[in-house]
Amino acid sequence: MSTSEARWVTESIRVADTTLTFRKAGAGAPLMALHHDVGNPPGAGFLDALAHQFTVYAPLHPGYEGSARPEWIRNVRDVAVMYQWLLSDLGLSGTTLLGLGFGGWIAAEMATMSPAALGRLVLVGAMGIKPAAGEILDQALVSYLDYVRAGFEDPGAFERLYGAEPPTSQLEQWDLNREMTFRIAWKPYMYNPTLPHLLGGVKTPALIVWGRRDRVVPLECGERYAAALPRARLEVLERAGHFVEMEQPDAVGKLITEFAAVPPAA
């Protein structure tokens, strides 16, 4: 896939008395990309490549990456409802919904709210389901820097994106992002106990992508998503951790593009 930079424009829209900001680029069928709890790294190129195939909408989660932080938002489903509202106000239908990590949890919640409305659902290393064995890495137990580092199988990939010593501005933003995560995803931490029971009604074809060496969200969670969603398949990429689309952007982008291009079965 091409990694040349796309032409992004930034737009805002009022949803639930809150300003939602999103970036938009590309042409083609709509794809909404929901970012990790650590945000999107500078210069990653992954969404730029997708914008050569889709019209990509990339909203900033409320309270993350410097966006407005409404006091009333208290759980992930609140954010999911806001994004359903955003899809409606933008007039988007048959959208491919891509969720990365924490954004994957939001995407899964959205799919349960509109079981047949989405065109495709792609979950990459998604939080939201509790593993039967092991735990989702508790970022309260490590520094925000070590939490991000833990998401990479290859330390060199971290340094290529963020540098050997990330700037103070980046460290501060990770800390602010984490504060919002603690507000809306703390008890229980990073999962919704009702979600596995609700996924069975989702009619949307789903692609689940996981890094084999994910130390943040165990691979078992991907297997549980694949088992719970009626029309899902699981793709596991070797030599990749939680931020699999940052370590192997071409491989993940190819999976998404090919998956979204296939007409849904009747």
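With respect to TRP210, determine if the residue is within 29 Å of THR55 (Cα to Cα), touching a residue at least 60 places away in the same chain (Cβ under 8 Å) and not in a helix (DSSP H, G or I). Answer is yes for this residue.
Residues of segment 134-184 that are in contact (Cβ under 8 Å) with a residue 24 or more places away in the chain, hydrophobic (A, V, I, L, M, F, W, C) and not in a helix (DSSP H, G or I): ILE136, LEU137, PHE152.
Quick check on segment 32-44: of everything there that is in a loop (DSSP other than H, G, I, E, B) and either within 15 Å of the chain's Cα centre (by Cα) or buried (at least 20 other Cβ atoms within 10 Å of the Cβ) (or both), which residue is modelled with the lowest pLDDT?
Checking each candidate, the answer is ALA44.
A quick yes/no check of all residues on (1) among the acidic types (Asp, Glu); (2) farther than 22 Å from LYS130 by Cβ; (3) in contact with a strand residue (DSSP E or B) (Cβ under 8 Å, 6 or more places away or on another chain):
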residue: TYR191; (1), (2), (3): no, no, yes
residue: GLY200; (1), (2), (3): no, no, no
residue: VAL236; (1), (2), (3): no, no, yes
residue: ASP250; (1), (2), (3): yes, yes, no
residue: GLY253; (1), (2), (3): no, yes, no
residue: GLU258; (1), (2), (3): yes, yes, no
residue: VAL262; (1), (2), (3): no, yes, no
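In segment 31-51, the residues that are under 22 Å from LEU90 (Cα atoms) and in contact (Cβ under 8 Å) with a residue 12 or more places away in the chain form Cβ pairs under 8 Å with partners that are among the aromatic types (Phe, Trp, Tyr) and in a strand (DSSP E or B), at six or more places apart or across chains, as follows: LEU31/TYR57; MET32/TYR57; ALA33/TYR57. Within segment 9-30, restricting attention to residues that are outside any strand (DSSP E or B) and in contact (Cβ under 8 Å) with a residue 40 or more places away in the chain, the residue that is nearest to the chain's Cα centre (by Cα) is ALA29. Taking segment 82-123 as the search range and keeping residues that are over 21 Å from SER12 (Cβ atoms) and among the hydroxyl-bearing types (Ser, Thr, Tyr), which one is surrounded by the most Cβ atoms within 10 Å (Cβ to Cβ)? The extreme case among them is THR96.
Residues in segment 78-96 that are without any contact (Cβ under 8 Å) to a residue 24 or more places away in the chain and part of a helix (DSSP H, G or I): SER88 alone. The residues of segment 75-115 that are at pLDDT below 95 and either of a type in the set (D, E, K, R) or closer than 18 Å to TYR225 by Cβ (or both), listed by number, are SER114, PRO115. Scanning segment 79-111 for residues that are within 21 Å of GLU65 (Cα to Cα), out of contact with any strand residue (DSSP E or B) (no Cβ under 9 Å at 6 or more places or on another chain) and not hydrophobic (A, V, I, L, M, F, W, C) gives a single hit, GLN84. Against the definition (farther than 30 Å from ALA140 by Cβ, under 15 Å from the mean Cα position of the chain (by Cα) and touching a residue at least 40 places away in the same chain (Cβ under 8 Å)), how does VAL56 come out, yes or no? Yes, satisfied.
The values are calculated or read from the model by the stated rules, or taken from the named source; none is laboratory data. Model, not experiment: these values are computed from the prediction. Neighbour counts are summed over all protein chains in view; Cβ atoms, including those assigned to glycine, are modelled from backbone coordinates with ideal geometry.
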